[in-house]
Amino acid sequence: MEQTVKKVFVGNYSELPERLGKTVILQDKEIAIFKLASGDVRAIENRCPHRGGVLAEGMVSGEHVFCPLHDWKINITDGLVQAPDEGCVQTFEVVKEEEQVFVLVPNEVTQS
Amino acid sequence: MEKKKLVLIGNGMAGIRTIEEILKLLPEQFDITVFGKEPYPNYNRIQLSKVLQGDTEISDITLNEWEWYEENNVRLYPGETVTKIDKDNQIVFTDKGKETSYDYLIIATGSNPFMLPLPGADKEGVTAFRDIEDCEKMIHASKNYKRAAVIGGGLLGLEAARGLLNLGMEVDVIHLSDFLMERQLDQPAGKLLQKELESQGMNFLLEKQTAEILGKKRVTGLRFNDGGKIPADLVVMAVGIKPNIQLAQETGLEINRGIVVNDHMETSIPNIYAVGECAEHNGMVYGLVAPLYEQGQALAKHICGMNHQGYKGSVLSTQLKVSGVNVFSTGLINETDQTKSIKVFDEWRNTYKKILVQDDKLAGAVLFGDTKEGTKLLSLIKKGAKVEDYLESSQAQDDDESIVVSMSDDEVICGCNGVTKGTIVNAIKTQGLSSVEEVKGCTNASRSCGTCKSLVSDLLTHTLGDEYEANEKESICACTDLSRDEVIAEIKEKHLTHSREVMNVLGWKTEEGCSKCRPALNYYLGMVYPKEHEDERESRFVNERLHANIQKDGTYSVVPRMYGGVTNADDLRTIADVADKYKVGMIKLTGGQRIDLLGVKKEDLPLVWKDLGMPSGYAYGKTLRTVKTCVGAEFCRFGTQDSTGMGIKLEKKFEGLNTPHKVKMGVSACPRNCAEGGIKDVGVIGLDGVWEVYVGGNGGTDLRKADLFAKVKTEEEVLEYTAAFLQYYRENARYLERTSHFVERVGLEPIQEMVFNDEMRQELCQRMDEALSVYREPWNEVIESETTLRDLYEKVNAK
């Protein structure tokens, strides 16, 4: 199956708050964008696999975010839930073009 | 080579544990199929009573998620029952018409609750307590009905009864014997247990035999053999379990009480095995978890062709999972002609201990009240230790050679989660673990009931030696070995003012800390340097960062300040208008005498606050929440002081103060204490000409009655003594330690000594004033800051 991706503009780099998440609404989906202490930007599905907590509001520590509902620890780069809990969230590629930050979203995500 | 086909009937704890052991020994060697009657993945049945008691939720007791089955290529058919076994051709048949052939067949069908065949037992509202469905049925019933009757005063019955009490029902426990848990306890312990549970609100009807369940469609009561009756609209039968052996019987396996197996868990027919509660080994059928795990291990080794001695039976031990009650028993319970007993009954401390000795060896034990010795006794009994060994070891207090040293690697340390000594030691060595918390996170040991914590700690000591001793003091979290006191000392000495600085200078193991240490450090820094430290919003938990309470669906709740619980018509109108305008989901009165607007969208929060024009009630923070007051002298015919006025003054003075945990207050105007100051962090009672100040009360998880702290004459003094107490608490408590735990830990006297000393009190009050001086009303601050609005409250609408 051919997979196409959509490039979605999510904001200017300097306007993303550092070490915090930002919620991006894309049709009926939500993506959480994080600007890490390192300056890198990451994007994951804004939904904890446990009880659907909004990860954008979680505490960010290095490469991890702690879900605000029950403190699950999730790696923002590969989407994996950390032990002893299990599961994963979808991750999205982030592209920075000068000031502008984009997220690459596979089309089936936007269509489903 | 073609894989051998392994079929498991029963997707429960014993069967799946066997599969896990097999996968550990020989991964990828078997083609595994599992049939399970219940529509769930394998869950921890033992924890159901905790679910019922409200300590955990059904979704949290799953042991193997669906993904586990996928990842290990285990074919699972949930909700599918095996109806027939063709032992000659080695095929099983299911109720959905499936046929599966096997090389090895494991029967792990567990047991069924024993339902007394009473007239009326089929009525609505009669249930067992065995699976998720029963549990849900009881929780549901508790919402609509009030009176529960539990038939059976054994382990399961009492756990069910405690759960129903927690669910707000009135509970009668009906029991045939003249004391409780007669299979696990002796009479003195059973009577002590009864007294304790009665004080928790349970009602017992002993030596009663139920004759009939009354009612039309739904149960309305019980009638006993002696003619007596009681009303009930929920009946829980917890009189025991019987092995589920129907299928085995129809297949022609040898059956006694359970499916008869030998030391290798082999049944009377080749290639068919049985494990768990349905199996009978050496005349014993076990209904507890530890033996099931031991059987699973033996069976796995056998199927994998490993050399081993087989299963040799288990020494049982029992523990009751009811909060506030410590009961333990193992081995022999009752005296015989061949036994001698050692008994200690301490009526003052309400503890009881009995140890039974047979042929100079320890043979059994019953403990009530203090069960610390339980695991040690169990291990000694398992080993067949001589009574002298025990007496010597308990005399020589410092001879603390822990029992874990002599345990073999496959002995289970954590019974709830079936974690063996070997697994824990291996994790400590390979993953570099150095604290109980880390072991818990990595292996799940001690994650459920926590009784094995001391053993886990012993294993750490044993494995790491002195390295661990050094860590034994309570570190803030797994990111550091330093304790709270050490970190604060360093903050002061090195003048550290930012949490990243603390982490760098003090050698944090993680670069940016975790959700435990980050908020703690932010608090400590603010406490030490109230003016210099800039609050770190990214280290605040979401509620304190956004100044609203997050709800499970990602909406928020808004609670405006309502000083002393006093309001007026204008404010109420404004609140009503705001509720309409933003379509709030629910308007609710809080326990602290204010109004909660629930279901507000994050992006609406600043608009709601603006329209309200009221200060934040801080219903989300580690700070002063509310000051609950009674009507007081202004209107009440009993009131002797102006409690509302006093409450408003307290709330105005301390609002927005950062504290280690939330702080609640109450002010009443007479000893009737209508504002419930006896369970507040600070409770004030106004008497004629005198105010009493109580501290350290708590009405939540750990109920604690407040201690009388000071008696003073004037309102100013109430404010002063409260300020000094709170400042002492701020400076000396651990982050997230409530005043109740704090007062309990350090004792009331040292605090009184400081606060009653005029000079010390003045200094405490001064530092309190400094802390209060940086307070700015947060909602208004948000509304006026465009960057905060953008950073925290706006969502991006992408296209």
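The values are calculated or read from the model by the stated rules, or taken from the named source; none is laboratory data. Quick caveat: nothing in here was measured; it's all calculated off a predicted structure. Heads up, the Cβs are rebuilt from the backbone with ideal geometry, glycines too, and the neighbour counts pull from every protein chain shown.
Of the strands (runs of 3 or more DSSP E) lying entirely inside region B:43-127, those containing at least 3 residues that are in contact with a Leu (Cβ under 9 Å, 6 or more places away or on another chain) are B:82-86, B:104-107.
Of the residues A:Val60, A:Val24, A:Val10, the single one that is facing another protein chain (nearest Cβ under 8 Å), surrounded by 19 or more Cβ atoms within 10 Å (Cβ to Cβ) and farther than 18 Å from B:Arg790 by Cα is A:Val60. Within region A:13-60, the set of residues being on the phi > 0 side of the Ramachandran plot and of a type in the set (Lys, Arg) comprises just one member, A:Arg19. Just name the residue that is surrounded by the fewest Cβ atoms within 10 Å (Cβ to Cβ) out of those in region B:780-799 that are outside any helix (DSSP H, G or I) and at the interface with chain A (Cβ under 9 Å from one of its Cβ atoms). Only one residue tops the list, namely B:Lys799. The residues of region B:572-603 that are within 26 Å of B:Glu676 (Cα to Cα) and not in a strand (DSSP E or B), listed by number, are B:Leu572, B:Thr590, B:Gly591, B:Gly592, B:Gln593, B:Arg594.
The listed residues are A:Asp78, A:Asp85, and the only one of them that is buried (at least 17 other Cβ atoms within 10 Å of the Cβ), more than 7 Å from every other protein chain (Cβ to nearest Cβ) and either assigned to a loop (DSSP other than H, G, I, E, B) or in contact with a Cys (Cβ under 7 Å, 6 or more places away or on another chain) (or both) turns out to be A:Asp85.
Selection over region A:27-57 of residues that are more than 9 Å from chain B (Cβ to nearest Cβ), charged (D, E, K, R) and assigned to a strand (DSSP E or B) gives a count of 4. Please determine whether any residue of region B:390-398 is surrounded by fewer than 17 Cβ atoms within 10 Å (Cβ to Cβ), assigned by TED's automatic domain parsing to the domain that holds B:Lys353 and either within 24 Å of the chain's Cα centre (by Cα) or at pLDDT 80 or above (or both). Taking every residue of region B:390-398 in turn, at least one turns out to be surrounded by fewer than 17 Cβ atoms within 10 Å (Cβ to Cβ), assigned by TED's automatic domain parsing to the domain that holds B:Lys353 and either within 24 Å of the chain's Cα centre (by Cα) or at pLDDT 80 or above (or both). Taking region B:625-650 as the search range and keeping residues that are surrounded by 24 or more Cβ atoms within 10 Å (Cβ to Cβ) and under 30 Å from B:Ser785 (Cβ atoms), which one is nearest to the chain's Cα centre (by Cα)? So, considering only residues that are surrounded by 24 or more Cβ atoms within 10 Å (Cβ to Cβ) and under 30 Å from B:Ser785 (Cβ atoms), the one nearest to the chain's Cα centre (by Cα) is B:Arg625. The strands (runs of 3 or more DSSP E) found wholly in region B:131-247 and carrying at least 1 residues that are in contact with a Cys (Cβ under 8 Å, 6 or more places away or on another chain) occupy B:241-243. Keeping to region B:541-586, report how many residues are on the phi > 0 side of the Ramachandran plot and free of Cβ contacts under 8 Å to residues at least 24 places away in the same chain. Selection size over region B:541-586: 1. Residue under question is B:Ala161, and the condition is that it be crowded, with 24+ Cβ neighbours inside 10 Å and either modelled with pLDDT under 90 or under 20 Å from B:Gly287 (Cα atoms) (or both); does it hold? So B:Ala161 passes the test. Inspect region B:537-554 for any residue being surrounded by 20 or more Cβ atoms within 10 Å (Cβ to Cβ), under 29 Å from the mean Cα position of the chain (by Cα), assigned to a loop (DSSP other than H, G, I, E, B) and of a type in the set (A, V, I, L, M) and give the result as yes or no. Scanning region B:537-554 turns up at least one residue that is surrounded by 20 or more Cβ atoms within 10 Å (Cβ to Cβ), under 29 Å from the mean Cα position of the chain (by Cα), assigned to a loop (DSSP other than H, G, I, E, B) and of a type in the set (A, V, I, L, M).
Within region B:601-614, being away from chain A (no Cβ under 14 Å) and not charged (D, E, K, R) holds for B:Pro606, B:Leu607, B:Val608, B:Trp609, B:Leu612, B:Gly613, B:Met614.
Can you go through A:Val65, A:Val81, A:Val101 and tell me which one is farther than 16 Å from B:Glu794 by Cβ and either modelled with pLDDT under 95 or more than 12 Å from the chain's Cα centre (by Cα) (or both)? Testing whether each residue is farther than 16 Å from B:Glu794 by Cβ and either modelled with pLDDT under 95 or more than 12 Å from the chain's Cα centre (by Cα) (or both) leaves just A:Val81.
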